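*Asks:* This is the structure I want to talk about, given as structure tokens.
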Amino acid sequence: MLEINNLHVKLEEEDKVILRGVDLKIKAGEVHAIMGPNGSGKSTLSYVLSGRDGYEVTDGSATLDGEELLEMEPEERAAAGLFLAFQYPVEIPGVGNMTFLRTAVNAQRKARGEEELSAGDFLKVVREKAKTLKIDAEMLKRPVNVGFSGGEKKRNEILQMAMLEPKMCVLDETDSGLDVDAMKLVAEGVNALRDAGRSFLVITHYQRLLDHIKPDVVHIMSAGRIIKTGGPELALEVENNGYADILAEVK
Amino acid sequence: MSVAQVKQDALAARIADLSFAEKGWLAAPRRAALDRLSAVGLPGKRDEYWRYTDPAALNAPAAAPAALFDPGDEPQVFDQIDRVKLVFVDGVFDAAASDDPRLSGVEIERLTEVATRDSHWASGLYGALEARGQNPVSRPQAILNTAFATDGVLIRVTGQAKKPVSLIYKQGSTTSDVILHHCIQLEAGAELTLLENGAAAARLNTVMEVEVDDGARFHHIRGQGRAHERQAVTHIFARLGKESSFKSFTLSANGRLTRNECVIEMTGENAVAHVAGAAVGDGDFHHDDTVFLTHGAPGCESRQVFKKVLKNGATGVFQGKILVKQVAQKTDGYQISQSLLLDDDSQFLAKPELEIYADDVKCSHGSTSGAIDETALFYLQSRGVPKSIAQSLLVLAFLAEAISEIEDAEIAEDIRTRLESWLERHER
């Protein structure tokens, strides 16, 4: 599904290198987690994959089902099946959440040569999916993320994911700013989307999210590289002992 | 040559081919206007009030040619609204294209129909509010209009108008130069919605004088023509009685030069005046909103909301003043002017002014210029929305506050839909 090879990235404005040769392979249906200390390059990886400005790829590649992502515009990556759930979902005053969702869904359908959803069909689908995420009609009417609580913003991210049905989902610290109940709700939303054709890359600081979204593979990232890969037990090890042991071991 | 002499020479050249009939009730206000005009001359670019907008093209003896705009199959603003249509082509009334002007509670006449009568109700209004609006700043283009307008509508409203009256201005010739003057009298408790749309002419000069008596309500929604090369100078002069309401919204997309002046005086307690504008300019586009709002009685509320989206070297201007007289305690004044600059070549020039003599007032004003929010743009793109559509969504979102000033939901929706489709067409 997703294959990242020797990815090197620096900040465009400063001469600061962030990723120093990331290798990662995620197969269809797998859930991978990336953990790592602050500043290790986790969020940068998610931004570079989704095509945010401000980063320069100096070497390497990232392909989704064989297609080179790094050459595409952000919207083309989305149409190809990539989705990034933002750590800090963006507020867009003046754009209704519903308009936003419908524009996005139909833009992707159009890009894939599918027929656009009618207003009625769209409404039916969105209401049903919103309900399971406990997103009420009033929240759908409000401008995108404006006045939403931290939990509401993250649930709104998952709603977008559910509506867009991507094949590769990147979740950037989706647990940050959530209380236990909100985290459970978000995790349930994610788990409901798990299937054999869909893969996840979950970026997180904490093991607790992984109690709810069970990963197949856990990677530890440090200083722009993946330094260790293992099973779910690796996350527990981090939770119990911190990163120091692993960092020392690798050195 | 002195500045005054330059203005006088410009005036002489401008009015050389203009004339008016010296008979009927209209002769006196026209003659008075010509005298006033002769005293001030035409505006010069060194005038403080014309600092950001060069009046040369408006002063010129003839209109610069302006190509006609072909809308193709594009619906026009207000097409979906049930209304009484009055059509003017190059400033000349087109009876065949217009509706029967009979509307319950509303009396509609044209200036040319009644100009030669000895007396008319509009004789107390024609040129009167315009003349009041010449202080403290003179507005010579409006005086010129009073003197030489070739037609216009005179509307007296005595009840609740069942549907809007719609003035449709078509441009028929590439060199048309049109001066129209409208007088609108809303008697106590009356209500009217007036719609205006269309390019009208290569160069258009309009004045609208609106007297809103106690408890009356006036709604004005305007879509200025989409012809790229048209030029326009418009003035609205309004006087508001006790507990009356005046709301005006203007949508401008395209046009080489637009100067919209709005002069409102609240003379009765608890009157409400809202003026709003949404402008979208690309390239050779200069758009100037100049507003002068006087709070002359206690407890009045005023709002000014102006939004401009500018790109490819377009220029936006906002000059907005709130004057609160000493008597006008408990004034609530709000003014916001904002521009969205889509590139580095475009500019927005704003001069917000407050002059307050009362001590118990609430007045706020703000003016900002900014680029499109790159984070929001990326967020939309990351959801699969192509950049151009994402940009249009953000542009519409930016203009939304001004459009939401329109009270009638159906008309507001019509404006929003038209704007959306223009932005879409633009992308192609």
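The values are calculated or read from the model by the stated rules, or taken from the named source; none is laboratory data. The structure displayed is predicted, hence computed values, not measured ones. Glycine gets a Cβ as well: all are built from the backbone with ideal geometry, and neighbour counts include every protein chain shown.
*Asks:* With segment B:183-276 as the region, which strands (runs of 3 or more DSSP E) entirely inside it contain at least 2 residues that are charged (D, E, K, R)?
*Replies:* It comes to B:191-198, B:203-212, B:217-224, B:257-266.
*Asks:* Those residues that are surrounded by fewer than 19 Cβ atoms within 10 Å (Cβ to Cβ) and touching a Ser or Thr at 6+ places or on another chain (Cβ under 6 Å), I need them from segment B:324-349; list them, please.
*Replies:* B:Tyr334, B:Gln347
*Asks:* Being of a type in the set (D, E, K, R) and either within 14 Å of chain B (Cβ to nearest Cβ) or part of a loop (DSSP other than H, G, I, E, B) (or both) is the filter here; which residues of segment A:5-50 pass it?
*Replies:* Listed by number, the residues that qualify are A:Glu12, A:Glu13, A:Glu14, A:Asp15, A:Lys16, A:Lys27, A:Glu30.
*Asks:* State which residue pairs qualify: first residue among the β-branched types (Val, Ile, Thr) and inside segment B:365-386, second residue in a helix (DSSP H, G or I) in any location, beta carbons under 7 Å apart, and separation of 6 or more residues or different chains.
*Replies:* B:Ile372/B:Gln391; B:Ile372/B:Leu394; B:Val385/A:Glu75; B:Val385/A:Thr103; B:Val385/A:Ala104; B:Val385/A:Ala107
*Asks:* Still on this structure: Cβ-Cβ under 7 Å, sequence separation 6+ or interchain: first residue in segment A:11-32 and surrounded by fewer than 16 Cβ atoms within 10 Å (Cβ to Cβ), partner in a strand (DSSP E or B) and of a type in the set (Asp, Glu). Which pairs?
*Replies:* Every condition considered, the pairs that remain are A:Glu12/A:Glu56; A:Lys25/A:Glu3.
*Asks:* Say whether the condition of being within 13 Å of another protein chain (Cβ to nearest Cβ) and buried (at least 19 other Cβ atoms within 10 Å of the Cβ) is met by at least one residue in segment A:132-142.
*Replies:* No: zero hits.
*Asks:* For segment B:325-428, list the helices (runs of 4 or more DSSP H) that sit wholly inside it and hold at least 1 residues that are more than 14 Å from every other protein chain (Cβ to nearest Cβ), of a type in the set (Lys, Arg) and over 22 Å from A:Ala111 (Cα atoms); which are they?
*Replies:* B:409-427
*Asks:* A further question on this structure: Which members of segment A:51-78 meet the condition of being among the small types (Gly, Ala, Ser), surrounded by fewer than 22 Cβ atoms within 10 Å (Cβ to Cβ) and within 12 Å of chain B (Cβ to nearest Cβ)?
*Replies:* Correct list: A:Gly54 only.
*Asks:* Please determine, by comparing only the residues of segment A:86-99 that are at the interface with chain B (Cβ under 10 Å from one of its Cβ atoms) and within 20 Å of A:Thr174 (Cβ to Cβ), which one is farthest from the chain's Cα centre (by Cα).
*Replies:* Among those that are at the interface with chain B (Cβ under 10 Å from one of its Cβ atoms) and within 20 Å of A:Thr174 (Cβ to Cβ), it is A:Ile92.
*Asks:* Let me ask something additional. I'd like the residue in segment A:164-184 that is aliphatic (A, V, I, L, M) and out of contact with any Ser or Thr (no Cβ under 9 Å at 6 or more places or on another chain) and, out of all such residues, is surrounded by the fewest Cβ atoms within 10 Å (Cβ to Cβ).
*Replies:* Restricting to residues being aliphatic (A, V, I, L, M) and out of contact with any Ser or Thr (no Cβ under 9 Å at 6 or more places or on another chain), the top hit is A:Val180.
*Asks:* Restricting attention to segment A:100-117, which residues are surrounded by fewer than 17 Cβ atoms within 10 Å (Cβ to Cβ) and facing chain B (nearest Cβ under 8 Å)?
*Replies:* Correct list: A:Ala111 only.
*Asks:* Right, here's the next one. Could you please let me know if A:Leu117 is assigned to a helix (DSSP H, G or I), over 13 Å from B:Gly384 (Cα atoms) and not polar (S, T, N, Q)?
*Replies:* Considered against the rule, which asks whether it is assigned to a helix (DSSP H, G or I), over 13 Å from B:Gly384 (Cα atoms) and not polar (S, T, N, Q), A:Leu117 comes out as no.
*Asks:* Please identify the pairs in which a residue from segment B:159-180 that is farther than 25 Å from B:Gly215 by Cα and assigned by TED's automatic domain parsing to the domain that holds B:Ala142 has its Cβ atom under 7 Å from the Cβ atom of a residue that is β-branched (Val, Ile, Thr) and part of a loop (DSSP other than H, G, I, E, B), counting only partners at least 6 apart or on another chain.
*Replies:* That search, which allows pairs on different chains as well, returns B:Ile179/B:Thr150.
*Asks:* Looking at segment A:185-200, can you tell me whether even one residue there is part of a strand (DSSP E or B) and away from every other protein chain (no Cβ under 13 Å)?
*Replies:* Yes, that holds for at least one residue.
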